Structure formats: structure tokens, C-alpha cells
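Reading through the C-alpha cells given below for one structure.
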Amino acid sequence: MTFDLILVGFGHVAQRFVMLLDEQRARIAGAYGFDGRVIAVCTQRHGRAAAERGLDAAALVARRRRGESIGAARPDLSTVDFIRDIAAKTPSAHESRLVLVETTTLDIAAGQPAIDHVRVALEGGAHVVTANKGPAAFAYHSLAAAAAAADRRFLFEGAVMDGIPVFNLARETLPLVAVRGFRGIVNTTTNYLLTAMEDGRPFDAALAEMQAAGIAEANPSLDVDGWDAAAKAAALANALLGARLTPHEVVREGISASTAARALSARSGGRRLTLVASAARADDGVSAQVALQELAADDLLAGLDGQQNGIIFQTDLLGEMAIVQRGSGLTQTAYALLSDLIAIARQVE
């Protein structure tokens, strides 16, 4: 079986995804019996390309790394219309073999245009996998309903903790277990910055390292002002706790160069200053926040340095459960997209 892939967004994550797909092609075929080919790529600034029999994705990656466009810009055709047009022309849409891979940048105002990208793809018969937090943070319930109505999957494992199976853990492996709350370090960039400042390194230099690595958001204020963590908290609360939050309803705090004094003071007292995202269910609904917290040294989250992150779930039947990622990067996020594609293949076969 061959899945046709439409890529919307072709930045660091999408480029690593197509290379990882190629690297793992033989293992995927042997273990799961399918292949994936990129038939369309759409970007905001670097052009578009499409071919019914498949594109040379590695060549497109090479072009982008040389700073070249991947094709004509087509300003006359919106991204939504591009997706709709490809889906209408592709037989795989009717055979449950068309997948939209959405990796555009988070829009913290309303989650757009990613929400529209997801919706039109589902309407056109495509499954959707995305690393963008916006759709789940702003429109989880309506998009999940649209996916169910279309008999397609809407998956977003890469939206919160890269390749760590947070959503799949709850959805696939915890029958009867209700998640009542969570707290975690979910933004790699801010945790790296806090660790760097504890070590006496400049805030701006550490942030530049995260941007150079492709880990920090293109707009770094999304990380340092707490918006990325707020979007992740909303996505988690919506998908796992049944909330109907947006990032704007998450109480939010960020960090800056001036946070260094607090981080150093906490460390000198045997504690750790961390940016914690949390949510909990109460009688009046679900509330969520992103806040700087001084944690005791024996707190699991206090032991997470640099690019490490982790989350602790409070559940009804299993008590507290924790999952930790000791390192993060482009490969981990790309893997999340690939794991979601494999989840779709398991359903379709």
C-alpha cells in the first residue's frame, strides 16, 4: 500500500520528516507493509510543487538547503484551494490513502490558517497529521468531529512533546483510565534557557543556539513569553481532559534575561526554577496555567535539564504517571509525524 502525502509547510521539521521517511523506508515496508510518497508540497514563501506520481522529496530538501525555491509561487491559488484541488484530483483520497502533513508555524491569535488546512483536508478525504499546536489548542473538538464524520484520522502527536507518545499513551494504552490533571515541562527552549542562566550563560546567546538548531519557534516570543507552553497546555487539556480551552484562557507567564536572578537564587537554595504547564479538573470545569515555579530538588521535573522535558499525569485508577524525554530535536518531532502515519496505516490495512 502506498500513502500519498501532501506537505503544507516545508521548514526544518518537514524536511527532516521526508528524510526520515526515506531512511526508514525498508523497515516501514517490512514491519507495516506500506510506503509513502510526497505528491505535493506547499509553502508560504518558497513556492509549491506537485506531481501525481510523486516528487523527489530529497531533491526538494536539497533545494531548500541551498536557499532555492521548490517551485512556482502561485499567488492566485490559496493554500486551502491547493489542498482542495490536490485532494479532488487524487484517487487515493477515496481509498483512505491520502494524508496531509501540516507543519506550518503556530498562529497564537486563532490557530489559523492551520485549522482551515486540517478542515479542508478532512473534507477532501485526507487523513491529517500535524506538529502544529494550533488545531488542537483552538479547535480540537470540532476537528475531531469532522474527522469522525469523514471516517479519517486527525493526529497530532508531535504537537506537545516531540516523539514521546503523550496522546497515544492515553488513547491507545489506558482504557478506562481518566486523566484528571497534569503538570510538566513542555517547552524545550525555555528549559534550556533556564538551565543556561543557572550556569551563568547569557540569555540571548542561549536563545540563539536554540534558533540555530531549529528548535526555538521562528518567532522566539512564542517560546519565551509562554505562548508555546500555553498552546500545549490547551491542547493537552482539550484532548485528555475534555476541556474547551484556547491558549488565551490559560494563565500565562514567561521568562526573560531578568529571570536569571530568580533561577540562580533558587539553585543556591537547593531548588530549581522551572516553567511548568499544568491543568486540573474541578467542579466548575478545567483550568490551566503556565507559571514559573520553584521546585524541590527531589521533584521529578526539577531533575530535567537543558533540552529535556517531561509530564506527570494525575489519573483516577493509576495515580500519578510520568513520562520523560531526555533529549529533543528535529528527529524526535519528525518521528512523531511518522508514528502518526504508521497509526493511520494500521487502521487502513
In whole percent, the Cα-Cα distances of the range 176-327 spread across 10 Å bins from 0 upward as 12, 41, 34, 12, 1
Roughly how many whole Å is it from the C-alpha centroid of the range 28-57 to that of the range 173-215? 31 Å
Could you tell me what percent of the DSSP beta bridges with both partners in the chain are antiparallel, to the nearest 5? 60 percent
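How large is the dipole of the chain about the Cα centre if only Lys and Arg carry +1 and Asp and Glu carry -1, each at its Cβ, rounded to the nearest 20 debye?
It works out to roughly 500 debye.
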Could you tally the net charge around GLY47, taking each other residue with its Cβ under 12 Å from the Cβ of GLY47, Lys/Arg +1 and Asp/Glu -1? +4
Taking Rg and Dmax of the Cα atoms in Å as the quantity of interest, determine which of (1) 20.1, 63; (2) 19.2, 58; (3) 22.6, 95 was computed from the displayed structure. (1)
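Rule-based calculations on the coordinates, nothing more; no lab input. Owing to the predicted nature of the structure, the values given are computational and were not obtained by experimental measurement. Here Cβ is always computed from backbone atoms with ideal geometry, including for glycine, and neighbour counts include all displayed protein chains.
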